[in-house]
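Worksheet for the structure shown next.
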Amino acid sequence: MHTSRHTLLVAALLLAGATSALGQSPGDSLLRLLPRPGDLHGWSTLEGPRIYNGEDLFQLIDGGAVLFLEYGYRRTVAVEYRDADDKSINLEIYEMQDPEGAYGIYSIRSGENGRAAEFGQESIVNSYFIMFWKSTYYITIGGSDTSAGCRRGLEMVAKAIDRNISTVGERPRILSLLPRRHLIKQSFVRGTLGLSSIYMPELKDLSRFTEGTLGKYPGYTLLLLSYGDSANARIHFAGITEDFRSSQRFRRFRFADRIVSVTDDRRRSICVSQSGQYLLYSLSARASTARRACKRVLDSLPRL
Amino acid sequence: MEHDNIDRREFVKRCVLAGAGIVAGNVIPAAIADGMQHGKYDLCAVRGDRFFDNTMKAVDALGGMQAFVQRGNTVGLLINSPWNSPGTFTNPEIPLAVVKMCLDAGAKEIYTIHEAPKHYWKRTRLSEKMSSEIGRIQHVDEMIEVSIEKGKSLKQADISKSLLSCDVFINIPIIKDHEGTRYTCTLKNMMGACSGSTCRRFHFGDSSGITSVFKGYYSNVELLAQSIADVNLIRRPSLSIVDATEILATNGPSGPGDIRKPHEVIAATDCVAAEMYSVKHLGLNWEDLPVIRYALQHGYGPRSLKEVRIKNI
């Protein structure tokens, strides 16, 4: 179920106020998720735990904070652990406003190169870090190097936190609207920062979409954006159609069978169509591939 | 204020005593400007896994450190050091090579413009062997307010006093991914010379993050890019040395994320040229990047890499 960013923010502020009124600090819930002293054999706390709320996140991760704010961020707890060999592990637990936000951040940051692992609801392991999401939480655990000792430490931390988070959450429903067959990587987007992997400056006007999903397939990419209702979607479809028709960045404009197709200045074929509350984009090096992919998904979308 | 016959340090001292902010871009003496041609090349990129040695080779190709640092000079180093995760901080072997070259050229004092964390130098095995040189590195935690007349988004900044008062400024960033601007390198590294409150203005202008939620974040990315171009009006380095050895390719600036290992050290007399060259290691085209575009609009940097004399080793 979609909730607008504005409503999420108001809800978060009210919750923060209510929690404070009960005499609890909002960060207490995060502290309870941390590994207990007996959980991490051979590792001790070097720095932290430290709680970051709202804009304070910039102090921890600098400009990386804007992405978290886009997905509906609440707070973070950060801890550094060290072992006898001076190896270090940095743990960051991010509490998002809803499970969709936690999944969304994970889907963007997990990339394509890690190995799937068994932590949380979904997780990856890389040579020097573990990343997972569970309920409203997104967790990263990074080691100072790729040594076996560090990797064992990462796993101990991950297991402890996974155990301490007792709830689960649902993935965003919009994900199910893209085909699963041949899907290499899928992400959930709530704003234009989540779309930075595809170069389309025209999309900046799409900051008014409510949510979306990006799917990478062999030879093509699909982007499905929801505008809340079909009237809104029609307005944006008209707008992007006009951009494609008039901008010098695009050539070979064609509009047939509900699909607008163009070639951009990077020789990518781009198709866009509207169905109900959705705009669907397909991008490919080949025009026929982009068009076929767009048509296949278009026929399956609910027309609301 | 007369400035024709005074040096930089005296100029800064008089401004501070007068209680006046410094106006960048048109008052600071021209000697502060970068981009002076020294050797046969403007940019040298050295590939290999001996990062300390390769840093020296890259600077040698530009005329050697003695072309930039004279006996008795104070040198300011802006090192991207605050991060912990692999690929997020400048490999300390690179600034250590710079320190050695500066001392050999007769530098009197060396300052870090952004203080390195205490464990930073221990990340290299060279730290023990070079403990004496490390001991010569100082840091002074003092900020000064600067007006940026030609700034389009950033009109004022609280900037490290060492940045303005040192005779030679050397910028030593790492090229890596950045979730806001898609990458960070020499130009964005200048944020390390600014105070926390100034850095916040790069992201949100004069409004808070809370109000920005209602405005949406795309506009903030352009604000950030323009502010980065603006802050580089204050002072540009005499020498930029980019760490492209082992770099964070995703989830920047703090990571963790995928690591790429181009194993390259790049030295350049022009910070924009260094940036144009280095972004390829992240699979980016410099023409697509707003930070570089806005820098060129301000009138600094080459129009393309064709104007840059490049040596690859």
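Counting Cβ atoms of other protein chains within 10 Å of each residue's Cβ and taking the mean over peptide A:65-76 gives 3. Comparing A:Ser135, A:Ser247, A:Ser110 in a Gaussian network model of chain A (Cα springs below 10 Å), the most mobile by mean-square fluctuation is A:Ser247.
Total buried accessible area between B and A, probe 1.4 Å, nearest 100: 3000 Å². Largest accessible area first, the residues B:Lys40, A:Lys134 order themselves as B:Lys40, A:Lys134 under a 1.4 Å probe with ligands, DNA and RNA left out. Rounded is the label for the range B:33-154, because the ratio a/c of its alpha-carbon gyration tensor axes (a ≥ b ≥ c) stays below 1.5. Backbone phi angles across the range A:65-71, fed through the Karplus curve with coefficients 6.51, -1.76 and 1.60 (θ = phi - 60°), yield HN-Hα couplings of 5, 4, 5, 5, 4, 4, 8 Hz in residue order; Gly and Pro are listed as x.
Heavy-atom surface analysis with a 1.4 Å probe gives the range A:173-304 a carbon and sulfur content of 49 percent of its accessible area. Here each label is just a point 7 Å from Cα along the line to Cβ, and for B:Glu307 and A:Arg173 those points are 5.6 nm apart.
Unpaired Cys in chain A, meaning no second Cys C-beta under 4.7 Å: A:Cys150. Taking all protein chains as shown and a probe of 1.4 angstrom, B:Cys199 keeps an accessible surface of around 20 Å².
Relative contact order for the range A:88-239: 19 percent, from Cα pairs under 8 Å spaced at least 6 residues apart, divided by residue count. Counting Cβ atoms of other protein chains within 10 Å of each Cβ in B:247-254 and taking the mean gives 5. The label-point distance for A:Glu118 and A:Arg286, in a model that sets each label 7 Å from Cα toward Cβ, rounds to 4.1 nm. Highest mean first, the peptides B:65-77, B:174-186 sorted by other C-beta atoms within 10 Å per residue fall in the order B:174-186, B:65-77.
Charge tally around B:Ile159: other residues with Cβ under 11 Å, Lys/Arg +1 each, Asp/Glu -1 each, net -1.
Taking the alpha carbon gyration tensor of chain A, multiplying each eigenvalue by 5 and rooting it gives semi-axes of 40, 22, 16 Å, largest first.
Counting only aspartates and glutamates at least 8 places from B:Lys176 when in the same chain, those with an alpha carbon closer than 14 Å to its own are A:Asp62, B:Asp243, B:Glu246, B:Asp258, B:Glu264, B:Glu275. For chain A, the longest principal axis of the alpha carbon atoms and the long axis of helix A:5-21 meet at an angle near 20°. Using amide H atoms built in the peptide plane, which far-off residues or other-chain residues are under 5 Å from A:Asp145 H to H? Distant-sequence amide H within range of A:Asp145: A:Ser88. Pairs with C-alpha atoms separated by more than 24 Å, drawn from the list B:Lys122/B:Lys261; B:Lys152/B:Lys311; B:Lys118/B:Lys311; B:Lys188/B:Lys280; B:Lys152/B:Lys188; A:Lys134/A:Lys185, are B:Lys152/B:Lys311; B:Lys118/B:Lys311. Measuring nothing but how far apart in sequence close Cα pairs (under 8 Å, 6+ apart) lie, relative to its length, chain A scores a relative contact order of 12 percent.
Under 17 Å of direct C-alpha separation, and excluding same-chain neighbours fewer than eight residues apart, B:Lys108 reaches these lysines: B:Lys100. Legend: mean number of C-beta atoms from other chains within 10 angstrom of residue C-beta atoms, peptide A:122-128, equals 2.
Estimated from helices alone, the mean residue ellipticity of the protein assembly as shown at 222 nm is -8500 deg cm²/dmol (sum of -39500 (n - 2.57) over DSSP H runs with n ≥ 4, per residue).
Straight Cα distances below 16 angstrom link A:Lys295 to the aspartates and glutamates A:Asp257, with same-chain residues fewer than 8 positions distant left out.
Its Cα gyration tensor gives the protein assembly as shown an equivalent ellipsoid; the semi-axes, largest first and in whole Å, are 41, 30, 24. Residue order by solvent-accessible surface for A:Arg234, B:Arg201 is A:Arg234, B:Arg201, largest first, with ligands and nucleic acids left out and a 1.4 Å probe.
The values are calculated or read from the model by the stated rules, or taken from the named source; none is laboratory data. Keep in mind that what you see is a predicted model, and the values were worked out from it rather than measured. All Cβ positions, even for glycine, are placed from backbone atoms using ideal geometry, and neighbour counts span all protein chains on display. The accessibility values were calculated without ligands, DNA or RNA, using every heavy atom of the protein model including side chains. Shrake-Rupley method; radii C 1.70, N 1.55, O 1.52, S 1.80 Å.
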